[in-house]
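Structure, as structure tokens:
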Amino acid sequence: MAPTCTVLDDRFERLILGTARLETLWTGSRWAEGPAYFAAGRYLVWSDIPNNRMLRWDETDGSVSVFRQPSHNTNGHTVDREGRLVSCEHQSRSVTRTEHDGSRTVLVDRIAGKRFNSPNDVVIKSDGTIWFSDPTYGIDCDYEGDAAPSEIGASHVYRHDPAGGTCAAVTTDFVQPNGLAFSPDERLLYIADTGVSHVKDGPRHIRRFAVARDGRTLSGGEVFATCDAGLFDGFRLDVLGNLWTSAGDGVHCYGPDGALLGKIGVPEVVANVCFGGPKRNRLFICATTSLYAIFLRTQGCVRPPAPAVGPAGPTAG
Ligand code: MG
């Protein structure tokens, strides 16, 4: 057992490495968030939200440089099927895409004529649809964006279809939706609610939804896990369906059954994680001022193949 790891369930022993240690890759941010690993370029991009910049860690030599500044206070990122960076931006209150030529495209910034609050975290389904959370953290004050009232008056999770240009809320009963991720087969969507930041005794949990067969709507939404140390912010799943989430004292790992399997201790508050490296067996951890990493015995889940193009049959989806 690695000394930084706490085993709470025997299953965790098979997910961690006895010789692996938590490595500090870089220090110097105010609030590190939104890691996204680019396998082709062997680098990791993440956000330093209050400093209005994105950083880039080069896996080939360990160097860190500024990727973009100003960054419109980007928060969460992901990589789409075509290898492009998709970003949540607090300041522009939008979800954007960085094209292959480096230009920035605003994909969606409002619904029914009302601007979003401040998109926070984002995932992309195998069908190309973009799912993102929209809490108010980026408009609450000027620290991580520009202070402004909420035009929508609520904080939802949305599904945006860039092909059709449509956008619709898929949840409407969250206080502050935050991190989100699909199960490996995309039949489940996990969404964190960090509402305790705004409501006394409010939610500090992750809920689990079933994704409809047509991939457009959610059902269920039971509480999957409640945080026992700080808050769950961003998280990712591994190939086995285990959920690796940020928390106040490090990274917590939950089995598909909701059991807390173990923890990786991190000396700073963790905001988000992602799997990377050529074998996807390295967990990158954004934690306040620093970027950490640890090798694991499991791998980050891979997005399923895109659905076949053609007429949809009665069981498609
Ligand atoms: Mg977040």
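The values are calculated or read from the model by the stated rules, or taken from the named source; none is laboratory data. Note that this is a predicted model, so its numbers are computed, not measured. Cβ coordinates were reconstructed from backbone atoms using ideal geometry, including for glycine residues, and neighbour counts include every protein chain displayed.
Of note:
- So G230, is it among the small types (G, A, S), within 16 Å of the ligand (Cβ to nearest atom) and more than 19 Å from W57 (Cα to Cα): yes
- Hits in the stretch 36-91 (condition: within 19 Å of S290 (Cα to Cα), acidic (D, E) and either modelled with pLDDT under 95 or surrounded by 14 or more Cβ atoms within 10 Å (Cβ to Cβ) (or both)): D48, E59
- Pairs with Cβ under 7 Å, 6+ apart, first in the stretch 161-187 and away from the ligand (no atom under 16 Å from the Cβ) and at pLDDT 95 or above, second in a loop (DSSP other than H, G, I, E, B) and among the polar types (S, T, N, Q): D161/T129; V170/T217; E186/S126
- Elements of type strands (runs of 3 or more DSSP E) in the stretch 259-304, at least 3 residues being more than 16 Å from the ligand (Cβ to nearest atom): 260-265, 282-295
- Options V175, V223, V251: the member that is in contact with a strand residue (DSSP E or B) (Cβ under 7 Å, 6 or more places away or on another chain), among the β-branched types (V, I, T) and under 26 Å from A293 (Cα atoms): V251
- Hey, S94 among the hydroxyl-bearing types (S, T, Y) and surrounded by 24 or more Cβ atoms within 10 Å (Cβ to Cβ) or not: no
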